[in-house]
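This report concerns only the one structure given below.
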């Protein structure tokens, strides 16, 4: 991780990692082969840090920040496991390994929902269910129908950043309009980061510009400090648009 904002929340991320492992300890030896391929996964590396920043920015309880981020990380892990399952056309062999992959993915999705309830997030079960449907639509676009890659990324990955910010707003008890604006900030920030990291620099700039616009709109409704989030966005902007920074 080469972004400062990940180092600023390093202690919190270490706690998230500890919670993640503890919740799955019974299966740990079996799931390690699914974790190793994620070492270079963009979402795996950056989503938890962005989520922590989203929760902390609204001054939520530290333990709640850790719990919600761990739950989101667990959701993504389950999604990544299901992502390795192929269909007949791709040469999937229906054996015990295949069955175990389906089983462990479903189990971890269940664990994520349990973590959500333990964090007293009952009100978000419907939102996470909708997100899972959206992710599945994105997976179909990506793998089955070879649809628009950006639209698939919006559904499979952008939705994860969006729900982190939306739930943060709801937990901070800000009104629905502000929650939706905060959600849009997270969605566009996550998309900008993910697209930049995959080499789509020009498209990334468009999402980052929308992120800044939505942050401005959000700041008109939210009177608390936004300095933590502003630092994150500024750092990503300085990386994505170094030439523009030099001109200024």
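The values are calculated or read from the model by the stated rules, or taken from the named source; none is laboratory data. Just so it is clear, the model here is predicted, and its values are computed rather than measured. Because the Cβ atoms are built from the backbone with ideal geometry, glycine has one as well, and the counts that use them run over all protein chains shown.
In region 214-228, what residues are closer than 14 Å to residue 186 by Cβ and either at pLDDT 95 or above or exposed (fewer than 13 other Cβ atoms within 10 Å of the Cβ) (or both)? Within region 214-228, 214, 215, 217, 218 qualify. Can you find even one residue in region 159-168 that is within 19 Å of residue 3 (Cα to Cα) and in contact with a helix residue (DSSP H, G or I) (Cβ under 8 Å, 6 or more places away or on another chain)? Looking through region 159-168, at least one residue is within 19 Å of residue 3 (Cα to Cα) and in contact with a helix residue (DSSP H, G or I) (Cβ under 8 Å, 6 or more places away or on another chain). Report yes if residue 169 is farther than 17 Å from residue 209 by Cβ, crowded, with 22+ Cβ neighbours inside 10 Å and touching a residue at least 24 places away in the same chain (Cβ under 8 Å), otherwise no. When the stated conditions are applied, residue 169 passes them.
The set of residues from region 116-128 being assigned to a helix (DSSP H, G or I) and under 14 Å from residue 167 (Cα atoms) comprises 116, 117, 122, 123, 124, 125, 126, 127, 128. A Cβ distance below 8 Å, combined with a sequence gap of six or more or placement on separate chains, defines the contacts here; from region 235-248, residues that are within 17 Å of residue 199 (Cα to Cα) reach residues that are at pLDDT below 50 in the pairs 237/245; 238/245.
Hey, any hits in region 198-207 for a residue that's within 22 Å of residue 64 (Cα to Cα), touching a residue at least 24 places away in the same chain (Cβ under 8 Å) and either under 15 Å from the mean Cα position of the chain (by Cα) or surrounded by fewer than 22 Cβ atoms within 10 Å (Cβ to Cβ) (or both)?
Within region 198-207 (the criterion being within 22 Å of residue 64 (Cα to Cα), touching a residue at least 24 places away in the same chain (Cβ under 8 Å) and either under 15 Å from the mean Cα position of the chain (by Cα) or surrounded by fewer than 22 Cβ atoms within 10 Å (Cβ to Cβ) (or both)), the answer is no, since none of the residues qualifies.
Evaluating residue 12 against the criteria (1) surrounded by 12 or more Cβ atoms within 10 Å (Cβ to Cβ); (2) closer than 24 Å to residue 198 by Cα leaves one unmet condition, (2). Looking only at region 35-54, residues that are within 23 Å of residue 106 (Cα to Cα) and surrounded by fewer than 18 Cβ atoms within 10 Å (Cβ to Cβ) come to 9 in all.
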